[in-house]
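Read-outs throughout are calculated quantities, based only on the coordinates presented, and are distinct from any laboratory measurement. Not measured: the values here are computed from a predicted model. All Cβ positions, even for glycine, are placed from backbone atoms using ideal geometry, and neighbour counts span all protein chains on display.
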Amino acid sequence: MTTPRAPGLPGLLLSLRNPGPVAPLWLALAAILVGALLPEPMHLPGAHRLTAPAPLAAQEAEGDDELAGARPLRVFLITMDQGDQVWEKFGHNAILVRNEATGEEIAWNWGLFNFDDVDFIPRFLRGTMLYSMGGMDAQWMIQQYAADNRSVYAHEVYLTLAQAAELDRFARWNAQPENRDYIYDYFRDNCSTRVRDVLDMAVGGALRAHFAERITPRSYRWHARRLVQETLWIDQGLSFLLGTRGDRPITEWEAMYVPMVLMELLEDFEIQEADGSTRPLLGARQVLFEADRDPTPAGPPSLSPLFPILGIVGAGLFVLLGGWAGGRPGPSPSSGAGVSRPSTRWSRVGLGVLGLGWTLFTGGLGLILVLVWFTDHIFIHRNVNILYASPLAPVVGLLLLGAVLSEKRARGAFGRWGAILALVIAIGSLVAMILQSVGVITQGNAEVVAVALPLNLGLAIGLMRLHRGAASSGRAGSPNSPGQSGAPA
């Protein structure tokens, strides 16, 4: 039995319970992006009527028959504010068309997807996910967001008779099975930009002409982090994945990918008439439901001091453990036999555990950044974080593991090449930081730099100390060394 198209996440979560042969690293990427960027779920219907505002007094006085008189079709922009769940943080919107003659109200929603599609997860991972649009009962839709304690706003869109009829015709055409699907893009082609484009079409391109050249000081990253900052792991995961394309200043037209931004910009927009006069595009804001929750954050989070503290403390541990782990074996007080001191043994255990954990973690992230190059997730491409989370890091971890398990390997190839490769990664991180500092590369990854740069440097120094200490212990313990008995070890 087929499942109808549904505007929400529950079906996706059901699909993820049986992911098939999807690689674990891909699922890690999916978890981060699904949580941040998919639309919100809906619940049970209820009754809640829109109240159309009276026509503008100025328009009535001017005798504008199309705007002030009775209209068979009324168009409303419906905007839903943030919710509690991660995927609800970006908000949502729709276009409601009311037929005054028949009483029919249809909410046209461009945020639908079919979670039962056999290629849904592969398409999501490739960056070619199919979304679609469709109509639903307007009052049913509004009640879903009220039930989730999410503010719902409505603005009547003041269109002429011809413009409203053209919008209605387009929406019905767009909802046909052969026309409703589109390739979803998180920033450039999502449910909100589709609403923007339909309204722009209705007013003859006036929105694009007005907003497309108006550069803002904000970026895609700025808006995304502003909206998801309450959930640390999704904030940092999304910020890590966004490459340099997410940091350029965007126009007001592009910023309309956020439904609330679209609403706020259109509230101040006026249409210019042929005679040079202007009129508002939207009527007054109607609050259909006011949520009992904190307001949307005004900006993204600032750098927490915990990140540099974590990086510096971790780097210091790597340096200290590397020095202790490379210490010369000493005699046991009871037997006189040459055995490793407890500090040396446990230092090697600590260095091995922490170093292997760090290199596997960063190496996994780096591998994701490599694999994404073979997808259409272009906003993850050109990502300087690959120099902080290197896909080569697991090799360092394996060499480190061999070095801490055997003093011979520590002073041999394992220790030497582990230190060299760790130093290469650390130098890459340092070069990336310098290029970002002088403005050659622009990417808002302060948290990554604060943690990864000192840890990469600390691990490189720790491995060099381990290798040199083990080599010195080996030379001091050789039969021909001064002060030694010459007996075989």
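Using R₀ = 25 Å, calculate the FRET efficiency as 1/(1 + (r/R₀)^6) where r is the Cβ-Cβ separation of residue 438 and residue 312; round to 0.05.
Computed FRET efficiency for residue 438 and residue 312: 0.60.
Taking only the alpha-carbon atoms of the stretch 275-325, what semi-axes of the equivalent ellipsoid follow from 5 times the gyration tensor eigenvalues under a square root, in whole Å, largest first?
57, 17, 6
Whole-Hz ³J(HN,Hα) for each residue in the stretch 209-224, computed from phi via Karplus 6.51 cos²θ - 1.76 cosθ + 1.60 with θ = phi - 60°, x for glycine and proline: what do you get?
Residue by residue, the stretch 209-224 yields 4, 7, 9, 5, 9, 8, 6, 9, x, 9, 10, 4, 4, 4, 5, 4 Hz.
What area, in nm² and to one decimal, does the C-alpha convex hull of the stretch 86-196 cast on average over all directions?
For the stretch 86-196, averaging the hull's shadow over all directions gives 8.3 nm².
Normalized C-alpha radius of gyration of the stretch 121-271, against 2.2 N^0.38 Å?
Ratio of Cα Rg to 2.2 N^0.38 Å: 1.14.
What whole number of Å gives the distance from the Cα centroid of the stretch 105-174 to the Cα centroid of the stretch 193-267?
A separation of 18 Å, based on Cα centres.
Order of 233, 108 from fewest to most other C-beta atoms within 10 Å?
Arranged by neighbour count, lowest to highest, 233, 108 become 233, 108.
Please work out the Cα center distance from the stretch 288-303 to the stretch 422-454, rounded to the nearest Å.
Computed from Cα coordinates, the inter-centre distance equals 32 Å.
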